[in-house]
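Input: a single structure, listed below in structure tokens.
The values are calculated or read from the model by the stated rules, or taken from the named source; none is laboratory data. Source: prediction; values computed, not measured. With ideal geometry, Cβ positions are generated from the backbone for all residues, glycine too; neighbour counts draw on all protein chains shown.
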Amino acid sequence: LPERSTNLRGVRHILLVLSGKGGVGKSTLSTELALALRHRGHRVGILDVDLCGPSIPHMLRVQDRAVHQCDSGWVPVFVGQDRAIALMSIGFLLEQPDDAVVWRGPKKNALIKQFVTDVAWGDLDFLIVDTPPGTSDEHISTVEALRPYRLLGAILVTTPQ
Amino acid sequence: MAEAVGAARPEECPGTGSAQAGSAAACQGCPNQGLCAAGAAGPDPAEAAELRARLRAVRHTVLVLSGKGGVGKSTFSAALAHGLAADEHKQVALLDIDICGPSIPKIMGLEGEQVHQSGSGWSPVYVEENLGVMSVGFLLSSPDDAVIWRGPKKNGLIKQFLRDVDWGEIDYLIVDTPPGTSDEHLSIVQYLSATRIDGAVIVTTPQEISLQDVRKEINFCHKVKLPIIGVVENMSGFVCPKCKKESQIFPPTTGGAEKMCQNLNVSLLGKVPLDPQIGRSCDRGQSFLSEAPESPATLSYRNIIQRIQEYCEQHHSQEEKMI
């Protein structure tokens, strides 16, 4: 089993938002869920593992922010004046917002592992993990990396057709 | 991996997406070397020759791409295939390389079909005499089987689709892709370098959340030197069949595809309005163009298909002149 890092020690629940299909509203739901949980007084984090099409920064209007390093790893971007939503996305690591991340699987897997173990989330009630469409590298790596932690479960999103 | 994107690159870095990624002289000592090398390059010369032989009889190849999921790539690919195959004298092939979410079998009314092997290779599944289809969907024992594969395995199947399918002589090869800019996209461009790709049609919807990903896809095309035939804007407005009023279901808050195309100097091939009949035809495996010939969406599709045909024919004759 992969080693447990300390960065997820303060996270109480982890939720995966999945779909096989693209464009059904995973990122939209992840964002709304985070905002609704915050509204109820919870501390929430969003981990955006859609490396090719990261939508969350734009949805929370923090696309111009940058991430910084600290002793325990990366500091997530905190959203809102109350800083009650923490966000990590590859969107923050791009030099230009329109830069394409043209990576094959192994490279994506390495970054996802880092996103899981090297982000200093602090204390969170919920960590929501937004995923890209499909059942491939990102999904396999995310589940493998999260296995030692409290994986609450998955929410599956679809449209009617 | 010491750091992610934007880490200190060696001065002569060939680029993380290049064929030399990880193996160029400048890569020695770079903390990302192992990873770049693991994302290995395209086919070796023997394989390239094999692919070239197999694809020799393909006159035109069109890739249907988007950065974004769910914008209507497969829907459009199917319409393009039907539209082109309406001319009985044209031989059309539709290749679905969305390994995890293959929609083409259902949209083409071919669910449950299986692939047959012959001496000359895998046989495509024919919708019409002049329209053949290939998809991983035909290789699954049940339509709900998940294909949970990492990149290298997906690449292997894509190569097989190109090398082992007996397509015969084709006027148009249409390749439907999954969303993103990853293994499938890199591989198809690399494997098809054995033949010539006329260009890519990029599909989007009007909202900024889609355009964001589509701009990345356009950059991907530039990076791998793939010509862009143009952009199609799907779900572009909805006309109520009862009151005839038009609504913007997905408002183009930043100017839609039109503005993006102007800014990035690519062609806008057309806008297709939302028509519930489209989704219904897809679910039923029927050709929307045949089922709803009077729909404004059909008119849009037909105009776009014509423009794509003209582009391909024009480029072909330009090349012939050069030879």
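Please go through region B:67-95 and give me each residue that is of a type in the set (Val, Ile, Thr) and closer than 20 Å to A:GLY134 by Cα, ordered by number. Break it down into steps so the answer makes sense when it comes.
Our first condition is that a residue be of a type in the set (Val, Ile, Thr); within region B:67-95, this holds for B:71, B:75, B:92.
If the condition is that a residue be of a type in the set (Val, Ile, Thr) and closer than 20 Å to A:GLY134 by Cα, then B:VAL71, B:THR75 are the ones that fit.
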2 or more residues more than 10 Å from chain A (Cβ to nearest Cβ), in contact with a helix residue (DSSP H, G or I) (Cβ under 8 Å, 6 or more places away or on another chain) and closer than 23 Å to B:HIS60 by Cα: qualifying helices (runs of 4 or more DSSP H) within region B:151-264: B:151-164, B:183-191
Residue match in region B:257-274 (condition: over 16 Å from B:GLU233 (Cα atoms), surrounded by 14 or more Cβ atoms within 10 Å (Cβ to Cβ) and not charged (D, E, K, R)): no
Filter pass, B:TYR301 being buried (at least 20 other Cβ atoms within 10 Å of the Cβ), of a type outside the set (Gly, Ala, Ser), more than 16 Å from B:ASP198 (Cβ to Cβ) and modelled with pLDDT of 95 or more: yes
Only one of B:GLN318, B:GLN314, B:GLN277 that is within 14 Å of another protein chain (Cβ to nearest Cβ), in a helix (DSSP H, G or I) and modelled with pLDDT under 95: B:GLN277
Failed item in (1) touching a Cys at 6+ places or on another chain (Cβ under 6 Å); (2) at pLDDT below 95, with B:LEU268 passing the rest: (2)
Failed item in (1) closer than 12 Å to A:LEU18 by Cα; (2) over 15 Å from the mean Cα position of the chain (by Cα), with A:ILE155 passing the rest: (2)
Residue within region B:114-128 that is of a type in the set (Gly, Ala, Ser), assigned to a strand (DSSP E or B) and closer than 21 Å to B:VAL203 by Cβ present: no
Scan of region A:112-144 for residues that are of a type in the set (Asp, Glu), in a loop (DSSP other than H, G, I, E, B) and either within 11 Å of chain B (Cβ to nearest Cβ) or touching a Ser or Thr at 6+ places or on another chain (Cβ under 6 Å) (or both), ordered by number: A:ASP118
Condition broken by B:GLU310, with the remaining ones in (1) without any contact (Cβ under 8 Å) to a residue 60 or more places away in the chain; (2) of a type in the set (Asp, Glu); (3) surrounded by 15 or more Cβ atoms within 10 Å (Cβ to Cβ) satisfied: (3)
Checklist (1) touching a residue at least 40 places away in the same chain (Cβ under 8 Å); (2) of a type in the set (Ser, Thr, Tyr); (3) in contact with a strand residue (DSSP E or B) (Cβ under 6 Å, 6 or more places away or on another chain) applied to B:SER193, failing item: (3)
Test: residue in region B:127-144 that is within 14 Å of another protein chain (Cβ to nearest Cβ), more than 14 Å from the chain's Cα centre (by Cα), surrounded by fewer than 19 Cβ atoms within 10 Å (Cβ to Cβ) and aliphatic (A, V, I, L, M): yes
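Which one of these is among the charged types (D, E, K, R), within 15 Å of the chain's Cα centre (by Cα), on the phi < 0 side of the Ramachandran plot and at pLDDT 90 or above: A:ASP123, A:ASP118? Show your work before the answer.
Values: A:ASP123 fails: within 15 Å of the chain's Cα centre (by Cα).
One residue alone meets the criteria, A:ASP118.
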Candidate set: region A:145-161, residues that are among the hydrophobic types (A, V, I, L, M, F, W, C) and outside any strand (DSSP E or B); chosen: the one nearest to the other protein chains (Cβ to nearest Cβ): A:VAL157
Qualifying residue in region A:73-80 (condition: touching a residue at least 60 places away in the same chain (Cβ under 8 Å) and not aliphatic (A, V, I, L, M)): yes
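From the list B:SER120, B:SER182, which one is of a type in the set (Gly, Ala, Ser) and surrounded by fewer than 16 Cβ atoms within 10 Å (Cβ to Cβ)? If you could, list the steps in order and put the result at the bottom.
Numbers: B:SER182 fails: surrounded by fewer than 16 Cβ atoms within 10 Å (Cβ to Cβ).
The unique qualifying residue is B:SER120.
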Scan of region A:110-140 for residues that are more than 24 Å from A:LEU60 (Cβ to Cβ), surrounded by fewer than 23 Cβ atoms within 10 Å (Cβ to Cβ) and without any contact (Cβ under 8 Å) to a residue 60 or more places away in the chain, ordered by number: A:ALA110, A:ILE140
Filter result (facing another protein chain (nearest Cβ under 10 Å) and among the β-branched types (Val, Ile, Thr)) within region B:99-115: B:ILE99
